[in-house]
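Novice: One structure, as structure tokens, below. Some questions next.
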Amino acid sequence: WGASVLAVAASCVTTGMHSVLDVLAGLLTALVIVRIEQVWGVIRDGAERIANGWQEWTVGPVRCINHGLFAAAGSLGGLTLMITLAGPSQAWALLGLAAASVVGAALWAQLVEGSSQLLRPYGYYGSVFGTMAGVVVAALLGADAWLLWAAFAIGGSLAQAIGRGRCLVQGCCHGAECPEWLGIRYHHPRSRVTRLSTLGGRPLHPTQLYSAGWMLLVTAILVRLWLLSAGLQFIVGVYFLLTGVGRFVEEHFRGEPQTAVWLGFRLYQWLALGSLVFGAVLTAAGWTPAPGPAIPTRGTLLGVLGFTMVTYIAYGVDFP
């Protein structure tokens, strides 16, 4: 079997049908699948350590929490990626969209799930609607709205994947009970799981991890489409299609008691279905080829670092 694998790999490369990178990726995938239980064990145990890793530092009336660092890291990586794709000339417009996204996420969480016990939650769909409002304002001001929206969709996917670490630490977006080998356990008394539910110490679906993994895949797909000069409208549409699929499945495994259920589906599953339809429509909205990437300037990177600090304050600093 080893000789057969080597022969197939050699023929793929020598005939020009595949690159060496293709073959190496295939071999790596095979190794992961063969050792999937060990691989999952390492990933699951790491997620459980993060989930029980709450730390805080209090200075006078101000409390700084470590989970905000994940949100800040997501902001740093996501903004850098979207500015690289759209170009440094779009940096300040993208920072404006990022601000609209944070404000929308905060408003959504307070209006839909607001409670003093939830430790200032932020809602994903609020960030989506906030970004859409920002895109409309950008279009009215004469900016290239499709360029901004497509770049933000890609960078936002990466930011969400990294930011899910905050959800693990805080205990929000947690899963329902699951088999022992699959789940993670929450023990930290600050976690939302141990404070607001009876699920502390029980194995739960690591839905934050499911989301992070899916959004990394979404990021890779969208970056590939951009590098192929796919239509900006198509990229935005595919973003809504893929995030709709992922969120619909993820919600099936969630266990948060405060999420409303209508006609057998959770609120966010209905929104995910809406995302699918909306994304399908957008893929047919036109075809403006994506431009080539560009290296961010020093000034734009300083702006990104500044917004990263703002993100940490928004997500990781409070006044208990």
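The values are calculated or read from the model by the stated rules, or taken from the named source; none is laboratory data. Everything numeric here is computed off the predicted structure, so don't read it as measured data. We place every Cβ from the backbone using ideal geometry, glycine too, and count neighbours over all the protein chains shown. Quick note on the areas: whole protein, heavy atoms, side chains included, nothing else; ligands and nucleic acids left out. Shrake-Rupley method; radii C 1.70, N 1.55, O 1.52, S 1.80 Å.
Novice: Measure off 7 Å from each Cα along the Cα-to-Cβ vector at Ser11 and Ile313, then give the distance between these two points in nanometres to one decimal.
Specialist: A separation of 6.3 nm, rounded to one decimal place.
Novice: Follow-up question, since we're still on this one. Share of the chain's accessible area from carbon and sulfur, percent, 1.4 Å?
Specialist: 72
Novice: Could you let me know the centre-to-centre spacing of the stretch 265-320 and the stretch 178-207, using Cα atoms, in angstrom?
Specialist: Centre-to-centre distance over Cα atoms comes out at 29 Å.
Novice: What ³J(HN,Hα) values, in whole Hz, does the Karplus curve 6.51 cos²θ - 1.76 cosθ + 1.60 give for the stretch 154-161 when θ = phi - 60°, with x put for Gly and Pro?
Specialist: Per-residue couplings from phi come out as 6, x, x, 5, 5, 4, 5, 4 Hz.
Novice: Tabulate in residue order the Karplus-calculated ³J(HN,Hα) for the stretch 165-175, using 6.51 cos²θ - 1.76 cosθ + 1.60 with θ = phi - 60°, rounded to whole Hz; enter x for Gly and Pro.
Specialist: x, 4, 5, 4, 5, 6, x, 7, 6, 6, x
Novice: Using a Förster distance of 30 Å, how high is the FRET efficiency between Ile221 and Val34, based on the Cβ-Cβ distance and rounded to 0.05?
Specialist: Working from the Cβ atoms, E equals 0.75.
Novice: Right, here's the next one. Listed highest first by mean packing, meaning other Cβ atoms within 10 Å per residue, what order do 165-173, 3-11 come in?
Specialist: Ranked by mean Cβ neighbours within 10 Å, highest first: 165-173, 3-11.
Novice: Could you calculate the FRET efficiency of Val112 with Val20 from 1/(1 + (r/R0)^6), where r is the beta carbon distance between them and R0 is 56 Å, rounded to 0.05?
Specialist: Efficiency for this residue pair is about 0.70.
Novice: For the chain, with a Gaussian network of springs between Cα atoms less than 10 Å apart, report the residue from Leu227, Leu147, Leu76 with the top mean-square fluctuation.
Specialist: With Cα springs under 10 Å in the chain, the top fluctuation among Leu227, Leu147, Leu76 is at Leu227.
Novice: Going from most exposed to least, what order do Glu48, Glu256 have by accessible area with a 1.4 Å probe?
Specialist: Correct descending sequence by accessible area is Glu48, Glu256.
Novice: Let me ask you something else. Using a 1.4 angstrom probe on the protein heavy atoms only, line up His252, His18, His174 by accessible area, largest first.
Specialist: His252, His18, His174
Novice: Still on this structure: Quick check: with the 1.4 Å probe, what order do Thr219, Thr194 take by accessible area, largest first?
Specialist: Result of the area sort, largest leading: Thr194, Thr219.
Novice: Taking only C-alpha pairs under 8 Å that are 6+ residues apart, what is the relative contact order of the chain in percent?
Specialist: Value for the chain: 24 percent.
Novice: With labels modelled as points extended 7 Å from the Cα through the Cβ direction, what inter-label distance (nm, one decimal) is found for Val249 paired with Val62?
Specialist: Label at Val249, label at Val62, 4.3 nm between them.
Novice: So what are the ³J(HN,Hα) numbers for the stretch 18-32, from phi and the Karplus equation (6.51, -1.76, 1.60; θ = phi - 60°), rounded to whole Hz, Gly and Pro as x?
Specialist: Here the 3J(HN,Hα) series is 9, 8, 4, 4, 4, 5, 4, 5, x, 5, 4, 4, 4, 4, 5 Hz.
Novice: Still on this structure, please answer the following. Excluding ligands, DNA and RNA, what is the solvent-accessible area per residue of the chain at a probe of 1.4 Å, expressed in Å²?
Specialist: Roughly 49 Å² per residue, with all protein chains present.
Novice: Specify the residue with the greatest mean-square fluctuation among Val277, Val135, Val23, computed from a Gaussian network of the chain linking alpha-carbon atoms under 10 Å apart.
Specialist: The residue that fluctuates most here is Val23.
Novice: Can you figure out the FRET efficiency of Glu177 with Ala260, using R₀ = 22 Å and their beta-carbon distance, to the nearest 0.05?
Specialist: With a Förster radius of 22 Å, E is 0.60.
Novice: Is the C-alpha gyration tensor of the stretch 18-111 telling us rounded, prolate or oblate? Criteria: a/c under 1.5 is rounded; beyond that, a/b larger than b/c is prolate, otherwise oblate.
Specialist: Verdict is oblate for the stretch 18-111.
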